[in-house]
1. Which of (1) of a type in the set (Asp, Glu); (2) touching a Leu at 6+ places or on another chain (Cβ under 8 Å); (3) open to solvent by less than 10 Å² (accessible area, probe 1.4 Å) does Asp250 not meet, given it meets every other one?
2. Between Ala300, Ala304, Ala266, which is touching a helix residue (DSSP H, G or I) at 6+ places or on another chain (Cβ under 7 Å) and among the aliphatic types (A, V, I, L, M)?
3. Is there a residue being open to solvent by 100 Å² or more (accessible area, probe 1.4 Å) and at pLDDT 80 or above anywhere in the stretch 135-150?
4. Could you say whether any residue in the stretch 288-305 is among the basic types (Lys, Arg), more than 26 Å from Val330 (Cβ to Cβ) and open to solvent by less than 20 Å² (accessible area, probe 1.4 Å)?
5. Can you name the residue in the stretch 356-382 that is more than 21 Å from Arg145 (Cα to Cα) and open to solvent by 20 Å² or more (accessible area, probe 1.4 Å) and is also modelled with the highest pLDDT among such residues?
6. Lys121 fails exactly one of the following numbered conditions: (1) at pLDDT 65 or above; (2) open to solvent by less than 60 Å² (accessible area, probe 1.4 Å); (3) not hydroxyl-bearing (Ser, Thr, Tyr). What is the number of that condition?
7. Identify all residues within the stretch 306-332 that are more than 27 Å from Arg242 (Cβ to Cβ), assigned to a loop (DSSP other than H, G, I, E, B) and open to solvent by less than 40 Å² (accessible area, probe 1.4 Å); write none if there are none.
8. Looking at (1) modelled with pLDDT of 90 or more; (2) surrounded by fewer than 22 Cβ atoms within 10 Å (Cβ to Cβ), find the lone condition where Gly497 falls short.
Amino acid sequence: MKYKNTKSNGFSQKGKNTKSNGFSQKGKNKSSINQDPFFDNESKKRRKIDYVEDDIESEDSEGYENEVVGGDSDASSGEEETADEKRKRFAMNKLEEIRELARKHKEEEEDDDDERADGEKEGERDSLVAKMLQQEQLEDSGRLRRVIASRVQKHDTVDEFRVLVKHRQPVTAVALSDDDLKGFSASKDGSILHWDVDSGKGEKYLWPSHEVLKSHGAKDPQGRATKHSKHVLALAVSSDGRYLASGGLDRHIHLWDTRTREHIQAFPGHRGPVSCLTFRQGTSELFSGSFDRTVKIWNAEDRAYINTLFGHQSEILTIDSLRKERVLTVGRDRNMQLWKVPEESRLVFRAPASSLECCSFISNDEFLTGTDDGSIELWTVLRKKPVYIVKNAHALPASHNNFEQKDSGKISNGHLENSDHNPGSYHSSSAYSWVSSVSVCRGSDLAASGAGNGSVRLWGIESEAKNIRPLFDIPLVGFVNSLAFAKSGQFLVAGIGQEPRLGRWGRLSAARNGVAIQPLSLS
């Protein structure tokens, strides 16, 4: 496909501005969040957006021209690494890790065979390293998928999730490090916790003072608010485990050092709450989605702003990415968009009936979404509509009159369809069956979805048959606002709360605000 020049596709060069999409550098946006005084006194002018189907609309934000926003304090103390040296160092570290795994694997096999030559052993280890690297590359590219769903064992009595970490208010986001040893969680009260998966012992991230935030790049709040809101909506951790990014109602993206738990940078630029964040796998490239309908690209290592992407016509709710330079987003405009950043293009997928709430990559060409009518949908890049839909995936029991009961039981055939609720209680009851979160175990066929109906559901994704197969339910009381699989597939982490992540459409006072963990037994 050939692309038009910058005036027609919305891509502007440095120092230039594009008006084809209705977004000018000096324009102002009205956020849809009105509950917080931080967002008062915004301009009431509505932007007029010319919707483009194929080309990404993007421009540089005001005050940014790919410059470095802030520098690392340690950068000036010694010689800086070049990009090639940095890549070589990362590659050598990765190779040493895999060699160590291969060495341990061969030692276990060679306990009874110690008479073989050292050269032969070394050759076998190198061969095993090459196989492990090849398999990891195939899994990362999505061409090879681990079969996990059929190996997950269902016990006769399914135990409930075990609450691992407690928060004072509903948890809005959870994230796991690549080694599955450390976890991170954020809450509506502004707290961010760093905890150990095995023991549950956690340490709190302390917000710096207003003066320190300003020195790190934060701008003064707008409107009648006199201080930054610490209400956190999103978390993301880099693949190397060094950086943690958080975003929320203050419209900034905050960068933290996970080794010292110190605040190191604040990225301004969004004109609405930052609702979702994700790091591209294996890199320090960070993508952020906001209620201002834009996706912004940052570099955590260089503390730099890169670009802004336009296309959504309403608030962006969820974002996800894999190793390729592709970003998946869903918004309240009933659209899911796949952004192909190097090609400067995007694919637009339209939900058939309702609003999309959450999304997750299965592979580079397959996606999973959850909707506010309780459906789970399977998508591919080859079709603009879902290839498979599970309706009423998180339905409420017919006898579920009290939403705060602890034992909600398993999902059976005696459930009401979402459209069959009593009209008088439809608004209050439907919020409990919204699919508020979905997650896919990376490189595998195992997925999970959460709502507020009293359980988390596990699914098996059958790509060849274009099918989603239900496995079993795990009881959990509360709104499941975020889900994260361990990379190994050995456990599932859920962020739960008494209220939904982005609003107060329902409340379960019997729920415990915190992080819950569920081990998964694999045959």
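The values are calculated or read from the model by the stated rules, or taken from the named source; none is laboratory data. Note that the structure is a prediction, hence the values are computed from the model and not measured. Cβ placement follows ideal geometry from the backbone for every residue including glycine, while neighbour counts extend to all protein chains displayed. Side chains included, ligands, DNA and RNA excluded: accessible areas come from the protein's heavy atoms. Shrake-Rupley method; radii C 1.70, N 1.55, O 1.52, S 1.80 Å.
1. Of (1) of a type in the set (Asp, Glu); (2) touching a Leu at 6+ places or on another chain (Cβ under 8 Å); (3) open to solvent by less than 10 Å² (accessible area, probe 1.4 Å), only one is false for Asp250: (2).
2. Just one listed residue meets the conditions, Ala266.
3. Scanning the stretch 135-150, I find no residue that is open to solvent by 100 Å² or more (accessible area, probe 1.4 Å) and at pLDDT 80 or above, so the answer is no.
4. The answer is yes, given that some residue of the stretch 288-305 is among the basic types (Lys, Arg), more than 26 Å from Val330 (Cβ to Cβ) and open to solvent by less than 20 Å² (accessible area, probe 1.4 Å).
5. Out of the qualifying residues, it is Glu357.
6. (1)
7. Gly311, His312, Ser314, Glu315
8. Evaluating Gly497 over (1) modelled with pLDDT of 90 or more; (2) surrounded by fewer than 22 Cβ atoms within 10 Å (Cβ to Cβ) leaves (2) as the failure.
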